[in-house]
Amino acid sequence: MEQKTVTALDIANYFVQVSSQEDEPDLTNLKLQKLLYFAQGKYLAKFGKPLFSEDIEAWDYGPVVSDVYHQFKHCGNFPITVFDTPHDTNNIPQDVAEFLQEIWSEYAKYSAGYLVQETHQAGAPWKKYFSKGQNSVIPKEELKTFFSN
């Protein structure tokens, strides 16, 4: 569908850009990680291929894309802003941007805490692969299956 390779950081930067247009942005690293998880899972279910190639790992507070976490960890529990990232969203093809806008509309209204609860449901991929201190990779096929149901 899209021509360009889109990275998880490209997707993260897109969400940061969208969040920065809100009256009261609340896109913390924790919340951003959950949005990446939902975006990847729903994209796999809808299109049968990954949105981005990076792995999602099962960390203590839910699914995490390690590279993106480390890019924004300096923000701590504070909202990430466009000033926290040198990247822009020019690498996002229009069809992917439209998909990401759907994810934003569906999930961004919720708090990070609520999204953490959603990722920790019984039967969810995070729950199946989480092991304290292990940061196990959640297989993309597992995400595809879970979000297809």
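Read-outs: derived from the displayed coordinates by stated rules, not from any lab. Here the structure is a predicted model, which means the values were calculated and not measured. A quick note on method: Cβ atoms are made from the backbone with ideal geometry, for glycine too, and the neighbour counts reach across all protein chains shown.
See the values below:
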item	result
Residues whose placed amide H lies under 5 Å from that of residue 124, excluding near-sequence neighbours	none
Debye, to nearest 20: dipole size of the chain, +1 on Lys, Arg Cβ, -1 on Asp, Glu Cβ	560 debye
Sequence ranges 18-27, 60-69, ranked by mean other-Cβ count within 10 angstrom, highest first	60-69, 18-27
Ranked 37, 107, criterion: other C-beta atoms within 10 Å, fewest first	107, 37
Amide H within-cut-off set for residue 78, under 5 Å, with H built and near neighbours excluded	none
Cross-link reach list, lysines versus residue 46, counting only Cα pairs under 26 Å and skipping chain neighbours closer than eight places	4, 31, 34, 109, 127, 128, 140, 144
Whole-number D in µm² s⁻¹ for the chain, Kirkwood Cα-pair radius fed into Stokes-Einstein, 4 °C, 1.567 mPa s	85 µm²/s
